[in-house]
1. If you count, for every residue in A:116-129, the Cβ atoms of partner chains within 10 Å of its Cβ, what is the mean?
2. Kindly point out which whole DSSP H helices in chain A project their C-alpha atoms 18 angstrom or further along the helix axis while averaging a Kyte-Doolittle hydropathy of 0.0 or above.
3. What FRET efficiency do you get for A:R3 and A:D173 if R0 is 45 Å and r is their Cβ-Cβ distance, rounded to the nearest 0.05?
4. How tilted is helix B:3-12 with respect to the longest principal axis of chain B? Cα atoms for both, answer in degrees (0 to 90, nearest 10).
5. Would you be so kind as to identify which of D:Q84, D:S158, A:L98 lies farthest towards the positive end of the dipole of the protein assembly as shown, taking Lys and Arg as +1 and Asp and Glu as -1 on Cβ and the Cα centre as origin?
6. List A:L206, B:L142 from most exposed to least, where exposure is judged by having the fewest other Cβ atoms within 10 Å.
7. Treat the count of other C-beta atoms within 10 Å as a stand-in for reagent exposure and order B:F89, A:F188 from fewest to most.
8. Modelled label-to-label distance, B:V150 and C:F9, 7 Å Cα→beta-carbon offset: nm?
Amino acid sequence: MSRKDWSIGPLHTSLPGPMHMVLKLHGEIIDACQVETGFLHRGLEKQCELHSWHAALFYADHLDPEGAVFSELVLCLAVEEIAGIMVPERAQSIRLVLVELGRISSHLAFMARMARSVGSETIVHYVLRDRERILDLFELLTGARVSLNFLRYGGVKGDVTDGFIERVLDVCDLIRFRMKEYNDIFTFNAIFLKRTLGVAPLSVELIEQAGITGPNARASGVREDSRKGSPLYQALEFDIPSGKSEDFFAQGWRGLLARTSKGCVGDVHDRFLVRLREMTQSIEILRQLVAQMPLGVYQNTSIHIDRNYPIPPGESYQRMESARGRLGCHVVSDGQNFPGRIQFSTPTRASLWALPQLVRGIRIEDLPVVLASLDLSIAEADR
Amino acid sequence: MDTKLVTRLEKILRGKIIRITAFGKGEYPSLWLEGTQMLSVAEVLKEDPLLQIDRLENLSAVEMQEGIVLSHFVYSSVTQVRLVLRTAFLPVSETDLVQAPSLVRVWSMVQTFEDEIGELFGVAFDGQVPQFNLLPEQVRGLFPMRKSFVFQMPEAQFYE
Amino acid sequence: MMYFRRSVFIALFWYLHSIVKSSLSIAGSCFATLPYLLRIGESRKEVTDGYPDPISSKTADDLPPRSRGLLFNDIERCTGCGDCEHVCPAGCIEVASEPGAHDSRIWVSVFDVDFSRCVFCGLCVDICQPMSLVHTRQYEGAAYQLEDLVASFGRGQVTEEQREKWHLARQRLSAPQEGA
Amino acid sequence: MNWVFLWLRALGFSATVPGIPLIALACISLFVILPSCALIAYLDRKLSADLQARVGPCRTGYRGMLQPVADCVKLLQKNSMHSQTLGELLWMLLHTMALYASLAAIPLGSLAMMVDTQMSVFIPFWSALVLALGTMLLGLGQYTTPGWLGGIRTAAQSLAGTFPSLIGILCVGMHAGSFRWSALAASQGFLHWTMFAHPFLLLAFVVFVGGGLVLLAIAPLDGGLAMSDIHGGVAVHVTGRQLALFQFGRFYGFFIWSVMTVVLFMGAWRIPESLRSWFLALDAEVCISVVELTWLLLKTYVLMLFILWIARANPRARVDQITDFSWGVLGPLALVALVGTAFWTMV
């Protein structure tokens, strides 16, 4: 059999971002693969150290293009813990509304990439059309669609207008209705099942070895979500979705026939299902948040943006559950008006490290599907 | 910082650590260690039946007065205990590497953190020279994240 | 023999079952997209927004009030303090000011915003006390030359003798207090 | 080629104008193949636009009608970046041979058919095979890994597709008694399609269409030439005019296969007898050929658009799944259909 080496360069239609892979092919089966990233290293953390504390917030915003809210929130939590800033109730629930909307928009972007890798263009357009509704919400509240830059230390930049609350409820119903449509067209489609069941299962040992967190880990049955422990989510009840290891059935009459061949736990279809279920969870959380939105000040008025606004010396490490996994931020401040050190520990790094072991033995045509299913964000891994 | 955990740590790590302080606002303890003791302390923490620290959450490097401080944020998935191991290494000069022990044998997920810190801070873990894939050519070897590296915003060239 | 026959029929049944199931699922997906073909219901209309179309495309005032478009600086109210220049992460604002005809008047000679580097984060607008720097909702900022991307709101350099005149005026204003 | 004489006589030429076959070939390709290629390209884009909640081409001409022309001109004005390698010259020769060799044997109506031999059903079948051979040579001739993978996949897929579609043709031949186009058409009426003659022929229809999709790697089963994973497979380095030839070759295969399906299964160009006799009474044979041609092309377009609709709504299968589907599912079904038709015609 002919053995070929093939290097898929940084710019390739099926890659989720600029990463360079050298594949050792044995016919169509991939024997080994070597991943090299670093094309999107922008020196984010060094830039944070050069500018004022508020400019650092802006840089945190650009850590991950799709999930801008998560890195902003984790930096705000860390700095608020150092400086002992009290965040009013209303600001916290506004932040959580933004986080859950960001999670739904990131999962919709994941579904678009997944559908494109499998070749179903129709679903790509449906999913991106529904994601537009969420980006419109972001623009209405914060003024920008992607890099929101809306969180400030001690609260939020602006208040929630009441028109926003109704729009959030409308978007929740719209997404709920649309997901039933996605299930009919795509999720339990025979060809999609054939392409994804039993492909590249992520074993629990590999998860522990690589430190993978988030939906990729939950799809393989590792029930661990850092939202459960965090104080922000105390008042909300939601459960942690996991792959099809438990009851798995397809709705409607096709469900009776869809005794799908049970692909193993943690395969590509599981990772897809987990994110679908997380979207429903996020919608429930949004509904609870919007229902009990407390009144009051949206920002701790004692803090105002000033060019020499010092943070007392100290350090802190905060973590929260972003759409891709556990995002941690270690902030060190030595008392000046610019940060001493801001370091982000991002979830994509672990998936990238586990990629060579995951990809061994799959067919070359399944490579884009596996890459899309891991929801890699190279901007987040390279920083 | 619950005292039971601190006494347990002092008992099993007799003499190997310099001091135990609260990390940040004091949720969990941070252990200041000698560079040479890192590996043995890590193994002890991992095998200890009561603690079973088997996961590493984050390894971050900060350049403070004591030099480059490596802080390993470790936790146990079994007993939900969280710890921070702190070690400091003084860089001799601006452009040569700092030697530090690598903990890949104890916590395998540390590998990616070590590669990146090796490249940005110039720390050679277990003597391996960092292979550069993050940095562009002209900055390799200058270790940009160190305080000594002064960064100038490149002038915006207006092309004719 | 019996064992062999039974397993063949089971295998045949599951073979036909998988054929029927997958063809039904494929047909199901097709008919699930049928409403889009026949445009049934409001939620299945096309959503393309023909941008340069004069009728259907969004203009500046369709955007929500807080959207952060190109910057505009009202030079009358601007005090030339340079806060925005300092806080800007992209370092794209350049301010130069001189003392004007009398102490309270400041002549902001240069106020350039380089939109080739600006990222519309809104920090400069938040930090501006006199509220002279605001976000307009204009978003069409394309230009052919890199220099055209620099929007300058300054009043322009002051000629040498103009500066001399102001200098004398200031002295005259401050001198009589000492004289009287 | 009697229809050519009709037209010549209608235009007042004498019957013995030299080079008549060339004129006929040019007419067929210019007035039938190219317009249907443009029409299907436009309808496909508009249909998938409706399907995907977007507007589709609307800038070129009224509601984007001139979009196929725009595409064609765009491609034709570009030349390929690198000089033609030997492999590509061979491929272009094979491709044009496949395109124009079987032009004479396309069944376009009772009078508009140029060649109607005993084995005329197998001539377009042969051109589909040569198309697949050409694509494989194009892929292998590029000496790049995506080209190599694409070439091997096209070969595997076309082999897998020939077996069931060949048996599908045999079923119809057995039912109609001969492989001549006119005999096949004669065995069907305006509403009496062989597809509904008996269930085994319906099975043969499904197998024939499925085998054709696999053989020519048409939209729903184009795993071999998929754009996403190996960046277009064989067509990685094909740009400009060659890409136009490549795309036209793929459309030509799809069009030929649909015309064959309509003629074999879906009541080829048979128009109702009353209409036919009314035209004969008026001695307007040209009108008969025109109406038959439009009815045949109408059914072909509907079949093609139905296939494209399935392609747009479903994801794309992998090549090994396509070949398993072809060998594992279409093959046995084809044999069942063959045996069934044999017994049915015997009874």
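1. Numbers: counts 2, 4, 7, 13, 7, 8, 13, 5, 1, 10, 7, 0, 3, 7.
Partner-chain Cβ atoms within 10 Å, mean over residues of A:116-129: 6.
2. Values: long enough: A:68-83 (23 Å, 1.74); A:89-118 (44 Å, 0.36); A:121-142 (31 Å, 0.10); A:162-182 (30 Å, -0.08); A:268-291 (35 Å, 0.13).
Within chain A the helices that satisfy the rule are A:68-83, A:89-118, A:121-142, A:268-291.
3. Values: r = 54 Å, r/R0 = 1.20.
My answer for the efficiency is 0.25.
4. Roughly 90 degrees between the two axes.
5. D:S158
6. On the way: A:L206 18, B:L142 13.
The fewest-first ordering by Cβ neighbours comes to B:L142, A:L206.
7. Working: B:F89 17, A:F188 22.
Ordered by Cβ neighbours within 10 Å, fewest first: B:F89, A:F188.
8. 9.0
Taken together, the values in this text are just the output of simple stated rules run on the coordinates, not laboratory data. No experiment lies behind these values; they were computed from the predicted model shown. Virtual Cβ from ideal backbone geometry, glycine too; neighbours counted across all protein chains shown.
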